[in-house]
1. Looking at (1) under 22 Å from Val121 (Cα atoms); (2) surrounded by fewer than 15 Cβ atoms within 10 Å (Cβ to Cβ); (3) at pLDDT 95 or above, which one does Gly203 not meet, given that it meets all the others?
2. List the pairs whose first member sits in the range 137-150 and is on the phi < 0 side of the Ramachandran plot, whose second member is of a type in the set (D, E, K, R), and whose Cβ atoms are under 6 Å apart, counting only residues at least 6 apart or on separate chains?
3. Can you pull out every residue in the range 241-260 that is out of contact with any Gly (no Cβ under 7 Å at 6 or more places or on another chain), near the ligand (Cβ under 8 Å from one of its atoms) and at pLDDT 95 or above?
4. Please specify each residue of the range 80-108 satisfying the condition of being within 22 Å of Pro231 (Cβ to Cβ), hydrophobic (A, V, I, L, M, F, W, C) and more than 10 Å from the ligand (Cβ to nearest atom).
5. Among the residues of the range 273-307, write down those that are of a type in the set (D, E, K, R), crowded, with 20+ Cβ neighbours inside 10 Å and either free of Cβ contacts under 8 Å to residues at least 24 places away in the same chain or in a strand (DSSP E or B) (or both).
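The values are calculated or read from the model by the stated rules, or taken from the named source; none is laboratory data. Computed from a predicted model, the values in this text were never measured in an experiment. Every residue, glycine among them, receives a Cβ derived from its backbone with ideal geometry; neighbour counts consider all protein chains shown.
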Amino acid sequence: MTFETVDFLTDASLVDDPYPYYDFLRECPVRRVPPHEMVAVTGYDEARAIWQDDDAYSSCNSFGGPFPGLPTAPGDDDISELIEECRNAYPISEHMVTFDPPEHTKHRALLMRLMTPRRLVENEASMWRLADRQMDTFVSDGKCDFVQAFATPMAWLTIADLLGVPEADHHLFRAQLEAHVAGALGTHEQGNPFAFLDDLFAGYIDDRRRAPRGDVLTKLAQATFPDGSQPDLLDVVRIAVFLFAAGQGTTAHLLGSLIQALAEHSDLQAALRDDRGRIPAFIEETLRIESPVKANFRMVRRSTVLGGVEVPAGTTVMIMPGAANRDGRRFEDGGAFCLDRRNSRDHIAFGRGTHACPGAALARAEARISLERLLDRMRDIKISDAHHGPPGARRYSYDPSFMLRGIQALHIDFTPVAG
Ligand code: HEM
């Protein structure tokens, strides 16, 4: 198998280190790739151009990519009608990430009523408590699998808190969410592993509509569309459920990448201990160099030209943030980690345009707070040689899905800080 013929969506050889393949693709930043007849987009400007153009590109296949494809050959330079006919056949077509305006605009507004600045401040305040409580479960051991012990639970607990899920109900979420964190929606064969949440949230919303309580779930239950109409129960349930689907694996992977870098590079760890003010820059540079979302898709609705390449209506474009974020035309020496990089924050790990990640502020806060408390409570954080092999010959297993990038286990050793 060569880079010319490899299938990015299924080939396991690209999972551990996809970056040489990205470099190969980026030689031609808009490039047709076999075997699904997609166009891979690895250029920074080209990726942004797609996200900013809802007219030429539809999000109907944002998750499914080339699956299941169009039922008939496009045969026209504008396939808007065909897309509407087959939209429901695409994976997670019930979730807003696959909607286009004006439907998307309505649902996005509903979601943003939940993520008000005030709610985010409250959420951030409880993240400190959640982080400490989770660390209490393992810090005295002096070692852990950071993904399992912290990143995974922290990611879903934060979303549960945002939504106001009562702590007494956390046990209903824990086992299933923790089993499905990585790549849960990342392969087209799987069903929706978050389906169990539909029933749980339908129960909450129905209950709060009957008997309002003044809690966050009540606000969610009573939220209206911008025109004042009340959404169906199911519309609200889907927004709540999709927050877990979108915000859990992505954030857990970001936390894993941050601690992997910190534990591997003692100089980096020392720099952050010396100056905590550099933590935000560290988070941005890590989002750039290890972008948690590997692939995000669009369907060309109207034939157009992208980066000088004609892309006919009906084409599936695969935007690859992890590749675009290393584009040398935007980021000098893009493959190198650089804590002092001037423009790290220009990265597009959170997408751009109308679907740009509404959880970005929350993910950033979660990463910052986790790092702060980790540095407070653990000294000399190191990768466990026993589990991952010696420096220079480490062994890690990565999320095998084509959607997400991140490690599945991260064993670290450290010295607990007393008090
Ligand atoms: C490091 C963590 C995260 C990364 C890298 C990330 C990345 C992304 C990207 C690239 C998109 C755009 C998808 C598209 O254009 O089709 C997106 C959308 C979305 N993200 Fe995130 N995300 C992260 C965390 C979160 C969190 C914590 C939440 C919520 C609690 C969240 C909720 C969402 C939602 C609801 C959408 C869909 C928005 C829409 O369709 O308008 N994400 N995310």
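1. Among (1) under 22 Å from Val121 (Cα atoms); (2) surrounded by fewer than 15 Cβ atoms within 10 Å (Cβ to Cβ); (3) at pLDDT 95 or above, Gly203 violates only (1).
2. Val139/Arg377; Lys143/Asp413
3. Correct list: Thr250, Thr251, Leu254.
4. From the range 80-108, those within 22 Å of Pro231 (Cβ to Cβ) are 84, 87-88, 90, 92-108; that's our starting set.
Those still in the list that are hydrophobic (A, V, I, L, M, F, W, C) too: 92, 96-97, 99.
Listed by number, the list holds a single entry, Ile92.
5. Of everything in the range 273-307, just one residue is of a type in the set (D, E, K, R), crowded, with 20+ Cβ neighbours inside 10 Å and either free of Cβ contacts under 8 Å to residues at least 24 places away in the same chain or in a strand (DSSP E or B) (or both), namely Arg298.
Yes or no, residue by residue, for (1) acidic (Asp, Glu); (2) surrounded by 21 or more Cβ atoms within 10 Å (Cβ to Cβ):
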position	(1), (2)
Arg129	no, no
Asp132	yes, no
Gln148	no, no
Trp156	no, yes
Ala168	no, no
